[in-house]
Amino acid sequence: SVSGSGAESSVSDAASGSGAPSGAASGAPSAAPVFDPAHPPPYVDHVTWVSTAVGPSLQIYPTPNGRASIADDGAQVAWREVLALAPDADTPGMNAQFVCHWNFARAVDPNKPSWNIEPQRPVVDDSTMIATRCNPGGPEE
């Protein structure tokens, strides 16, 4: 769940994983990936399943490096950490909510204690995910 002012930008093709061919595949030179040696993993301190008014919610508690990393693969690395701690979170809707939090909640509300994602929320397109502040299908828990 994202708090604070709304984000007006959209998820980039690279961030959503559905972008154009990479430079190597298209024949164009590819940009060098962004690494962030100043903020290495782990990105997730711990996770906790809780019951809320909207149903079960996985509260994800990022590490300071998880809040600060700019690594291109940061969201994917952090999601693997989440799944190592909560394998039952491995659903497309939960992943999409997490990526939304990674891409936007960190900027909108950088000190939010936890990023909360819910399995009962619907799978939606990126613009709907952003418009609902990472909470498609109902209110923020």
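The values are calculated or read from the model by the stated rules, or taken from the named source; none is laboratory data. None of the values given here were measured: they were computed from a predicted structure. Cβ: placed from backbone, ideal geometry, glycine included. Neighbour counts: every protein chain shown. Accessible surface areas use protein heavy atoms only, side chains included; no ligands, DNA or RNA. Shrake-Rupley method; radii C 1.70, N 1.55, O 1.52, S 1.80 Å.
Some points to look at:
- The set of residues in region 94-125 being at pLDDT 95 or above, buried (at least 19 other Cβ atoms within 10 Å of the Cβ) and of a type in the set (A, V, I, L, M) consists of M94, A96, V99, I117.
- Residue check, A78 open to solvent by 30 Å² or more (accessible area, probe 1.4 Å), among the hydrophobic types (A, V, I, L, M, F, W, C) and closer than 22 Å to V34 by Cα: no
- D90 being open to solvent by 40 Å² or more (accessible area, probe 1.4 Å), more than 14 Å from A105 (Cβ to Cβ) and touching a helix residue (DSSP H, G or I) at 6+ places or on another chain (Cβ under 6 Å): yes
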